[in-house]
Amino acid sequence: MTEKAASAPARNRWTLLAVISIGTLSSTLDGGIVSVAYPALARAFSVGTSTVLWVTVAYWVTAVGLLLTLGWIGDVVGRRRVFATGLAVFAAGVLLAGLSTTIWQLIAFRVLQGVGSAMVLSNLNALITTNFPARDRGKALGVSGA
């Protein structure tokens, strides 16, 4: 743990944990919740269910495929920077996905969401372990995971 993290007020650490937890919830929930809308998406875009499946596949393949690389980038350029940028990229992807007029636009914007999700998920545990002292670290990781 860095000296800065050791001297950071407890209130700031728990605020950071709240932001991290919201990012975790958003990224993981968004990855799976779309599946309930498959029939509606197929009707709205006049495509088959097999095409609509790519909305979820594109998201998860992108997110999982980039986790290691974006974790390393977080180590190099700064975890907070990558995490915060990831939240912005994810939010932009959500907005653009909502504005999609074709299924292919939706899939492309889900890829963008996957990039943002990978930026968030690859750095959250490192941010927690860096900013929480050993006595609170398990509790913080548990809150984030839950």
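The values are calculated or read from the model by the stated rules, or taken from the named source; none is laboratory data. Here the structure is a predicted model, which means the values were calculated and not measured. Glycine gets a Cβ as well: all are built from the backbone with ideal geometry, and neighbour counts include every protein chain shown. Note: areas computed on protein heavy atoms with side chains; ligands, DNA, RNA excluded. Shrake-Rupley method; radii C 1.70, N 1.55, O 1.52, S 1.80 Å.
Scanning the chain for DSSP H helices at least 24 Å long along the axis (C-alpha atoms) with a Kyte-Doolittle mean no lower than -1.0 picks out 10-33, 49-77, 79-98, 103-121. A 1.4 Å probe over all protein chains sorts TYR38, TYR59 by accessible area into TYR38, TYR59, starting with the largest.
A dipole drawn for the chain from +1 and -1 charges on Cβ atoms has a positive end, and of LEU16, ALA146, PRO133 the residue lying farthest that way is PRO133.
Here the Debye sum runs over all C-alpha atoms of the chain as equal scatterers in vacuum, and log10 of I(q)/I(0) at q = 0.11, 0.19 Å⁻¹ comes out as -0.46, -1.03. Ordering TRP54, SER27, VAL82 by Cα displacement along the dipole of segment 1-105 toward the positive end leaves VAL82 in first place; charges were set at the Cβ atoms of Lys, Arg (+1) and Asp, Glu (-1).
Just the number, please: carbon plus sulfur as a percent of the accessible area of the chain, 1.4 Å probe, no ligands or DNA/RNA counted. Write down the numbers at each step before the final one.
Working: 5370 of 7910 Å².
Using a 1.4 Å probe with all protein chains present, the chain comes out at 68 percent carbon and sulfur.
Determine the calculated [θ] at 222 nm for the chain from helices alone, applying -39500 (n - 2.57) to every DSSP H run no shorter than 4 residues and normalising by the residue count; nearest 500 deg cm²/dmol.
On the way: 8 runs with 125 residues, N = 146.
Roughly -28500 deg cm²/dmol at 222 nm, from the helical runs in the chain.
Counting heavy atoms of the protein chains only and a 1.4 Å probe, report the per residue accessible area for the chain as a whole number of Å².
Numbers: 7910 Å² over 146 residues.
Computed with neighbouring chains in place, this is 54 Å² per residue.
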